[in-house]
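Undergrad: Mind looking over this structure? Questions follow.
Please treat every number below as a calculation from the coordinates, not as lab data. Since the model is a prediction, treat every value here as computed from it, not as a measurement.
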């Protein structure tokens, strides 16, 4: 089983978080981990993130990230679609 989680950063997250490796960031995740812990491990403040998508679907902030997931993080300034309004951080 693939244990790599790919993390894709968009907009200002790429510019402001210069301490992170180039996009996509690959995390070795052997067990499921809460999204807030993933962000904490990457040292990404949750107040910088407006929307999170896992495997191309918007998810709430209490989601759990599974090994082999694709995680996309969008900053506050990014536009969002109406059907994502309940998923904003």
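Undergrad: Give me D for the chain in µm² s⁻¹, whole number, from Stokes-Einstein with Rh from the Kirkwood sum over alpha-carbon pairs, 20 °C and 1.002 mPa s.
TA: Numbers: Rh = 13.1 Å.
Taking Rh from Cα pairs, D becomes 164 µm²/s.
Undergrad: Right, here's the next one. Which value at 222 nm does the chain reach when only helices count, each DSSP H run of 4 or more adding -39,500 (n - 2.57), with the total divided by all residues and rounded to the nearest 500 deg cm²/dmol?
TA: -3500 deg cm²/dmol
Undergrad: Give, in nm to one decimal, the length gained when the segment between residue 68 and residue 4 is fully stretched (0.36 nm per residue of separation minus the Cα-Cα distance).
TA: Fully extending the segment from residue 68 to residue 4 adds 22.5 nm.
Undergrad: Counting DSSP beta bridges with both partners in the chain, what percentage is antiparallel, nearest 5?
TA: Counting DSSP beta bridges with both partners in the chain, the antiparallel share is about 80 percent.
Undergrad: Once the piece of chain linking residue 18 and residue 36 is laid out straight, how much longer is it, given 0.36 nm per residue of separation minus the C-alpha distance between them?
TA: The span from residue 18 to residue 36 would gain 4.5 nm if fully extended.
Undergrad: OK, next. Take every Cα pair under 8 Å in the chain that's 6+ residues apart, average their separations, divide by the length, and report that relative contact order as a whole percent. Walk me through the numbers on the way to the answer.
TA: Working: 159 pairs, mean separation 34.1, N = 89.
It rounds to 38 percent for the chain.
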